[in-house]
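Worksheet: one structure, shown below.
Rule-based calculations on the coordinates, nothing more; no lab input. In this text, all values refer to a predicted model and were calculated from it rather than measured experimentally. Cβ atoms come from the backbone with ideal geometry, glycine included; neighbour counts cover every protein chain shown.
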Amino acid sequence: MIGKSIKITVTAFTLLGMIACNSAKKQSSCTASDTLRTGQTERLYTWLQKIPEQGFMFGHQDATVYGIGWEGDSARSDVKSVCGDYPAVCGWEVGRIETGKSASLDNVPFDRIRQEMILNYLRGGMNTLSWHTDNPLTGGDSWDVSAKDSVVKSILPGGTNHDMFMGWLDTMAAFFHSLKTADGTKVPVLFRPWHEHTGSWFWWGKDHCTPEQYKELWILTYDYLHSKGVNNLLYAYSPGGGGSADEYIERYPGDKYVDLLGFDYYQMNGAEGTDSYRTVMNNTLTYLTAFGKEHGKPIAVTETGLEALPVKEWWTNVLYPILEKYPVSYVLLWRNAREKPNHYYAPYPGQLTEKNFVEFYNNPRTLFCNDLKGQLYN
Ligand code: BMA
């Protein structure tokens, strides 16, 4: 494919960011999210703030570990097979690492995930991580809400499962520490815990804990990982889209604990859902843009997509025209499941939207891995 060229002068901003942080540190007012970050993590953060001037990064969940009709091949990605380049952002999922399993709930070995995260970093891409945490009270999965409002309560300080849960956070800390290149450089990760909590389908969702308990869980997670010396994370807050601005903010743990503001929202009902998808995306992105400015945080669409892509020009007629109006740093499309028929969100060779995706890719404002030119961390 013909490469697109962009010039990004991130260095000057990095320097400014470092100076700002250093001088703030002297006054002891540097936010906690600015401390305990490696240089590469800090530079990634500067990039996330700056990128909307150039466009937005394209991301795909589990991009290089499986796709439609394949699994485990090295260096493969459905997105790359279609447009010739890797996504700029790869999303990963570590649900079940906390209970000592060797593979995720989507059956990807954690060793493979670690390897792919490192490879993506070395290619110059960004990694983001979700955690569909098993239910610590019932032993069920994230979607097990049978114990209603007793689960979050049970893992907070004073709860019956608190110690066990801290052990789960130890496992997460060990995983983050293990993300290192051969020369010992820590791989930065945009961590996206406790997501879609404005809905009630996960045990940490709205109907299963109070706003105070949710915030406490977030802050506990953040503080504990910091106390374990985890310094390669940025934190993304991602409620479900479709709610009001008030609902979005209600459980926000505070600027000190969040680096990026996102939301998850999907187009439902195939082609028929296009209008309502546009409406909800525009509403959510409008208040998120204001909220981002007000709080000085980058914004992103942390999960989206149209399952099985039945709309031929979805990329250039639906997704792009929405995103181009807002200062979005990245968009992450959900996974191309190899085990669930029609559960895919990015095209693969022969898929209906393949040509349209190439058109989307060729737009200079959609950024893929090669467009980053290794500048994310330098
Ligand atoms: C959901 C689906 C599930 C998957 C989960 C975690 O949206 O894709 O099949 O297990 O995400 O990745």
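Determine the equivalent ellipsoid of the range 251-309 by diagonalising the alpha-carbon gyration tensor, then write out the semi-axes as square roots of 5 times the eigenvalues, largest first, rounded to whole Å.
The three semi-axes for the range 251-309 are 26, 12, 8 Å.
Going by C-beta contacts inside 10 Å, put Thr366, Thr198 in order with the fewest on the left.
So the ranking, lowest neighbour count to highest, is Thr198, Thr366.
Taking the beta-carbon count within 10 Å as an exposure proxy, list Ser142, Ser178 from fewest neighbours to most.
Fewest-to-most ranking of Ser142, Ser178: Ser178, Ser142.
Among Gly199, Leu306, Val151, which residue has its Cα positioned farthest towards the positive end of the charge dipole of the chain, with +1 placed on the Cβ of Lys and Arg, -1 on the Cβ of Asp and Glu, and the dipole taken about the Cα centre?
Leu306
Taking the number of other C-beta atoms within 10 Å as the exposure measure, put Lys101, Lys148, Lys186 in order starting with the fewest.
Arranged by neighbour count, lowest to highest, Lys101, Lys148, Lys186 become Lys148, Lys101, Lys186.
Within the range 211-249, whose backbone N sits under 20 Å from a point 7 Å along Cα→Cβ of Asn282?
Within reach of a label on Asn282: 241-246.
Express the relative contact order of the range 47-106 as a whole percentage, based on alpha carbon pairs under 8 Å and six or more residues apart in sequence.
Once divided by the residue count of the range 47-106, the mean separation gives 29 percent.
Would you tally the net charge around Thr138, using a Cβ to Cβ cut-off of less than 12 Å, leaving Thr138 out, and scoring K and R as +1, D and E as -1?
-2
To one decimal place, what Kirkwood hydrodynamic radius in Å is obtained for the range 197-313 from all pairs of distinct Cα atoms?
About 15.5 Å for the range 197-313.
Across the range 47-135, how large is the tail of the calculated P(r) beyond 17 Å, expressed as a percent of all Cα pairs?
Of the Cα pairs, 50 percent sit more than 17 Å apart.
Per DSSP H run of at least 4 residues, take -39500 (n - 2.57); add these up for the chain, divide by its residues and hand me the 222 nm value, nearest 500 deg cm²/dmol. Each step should come with its number before you reach the end.
On the way: 12 runs with 132 residues, N = 378.
When only DSSP H runs of four or more count, the value is -10500 deg cm²/dmol.
Suppose we take every Cα in the chain and form the convex hull; what volume per residue is that in Å³?
132
Can you list the lysines whose alpha carbon is less than 20 Å from that of Lys80, not counting same-chain residues fewer than 8 positions off?
Reachable lysines: Lys4, Lys312, Lys355, Lys373.
Below 13 angstrom from the Cβ of Met117, what's the summed charge of the other residues (Lys, Arg +1; Asp, Glu -1)?
+1
What number do you get for the range 59-203 when its Cα radius of gyration is normalised by 2.2 N^0.38 Å, N = residues? All intermediate terms of the calculation are to be shown ahead of the outcome.
Details: Rg = 16.5 Å, N = 145, 2.2 N^0.38 = 14.6 Å.
Taking N as the residue count of the range 59-203, the ratio is 1.13.
Per 0.36 nm of contour for each residue apart, how much would the distance between Asp141 and Asp223 grow if the chain were fully extended, relative to their Cα-Cα spacing?
Using 0.36 nm per residue and subtracting the Cα-Cα distance, I get 27.1 nm.
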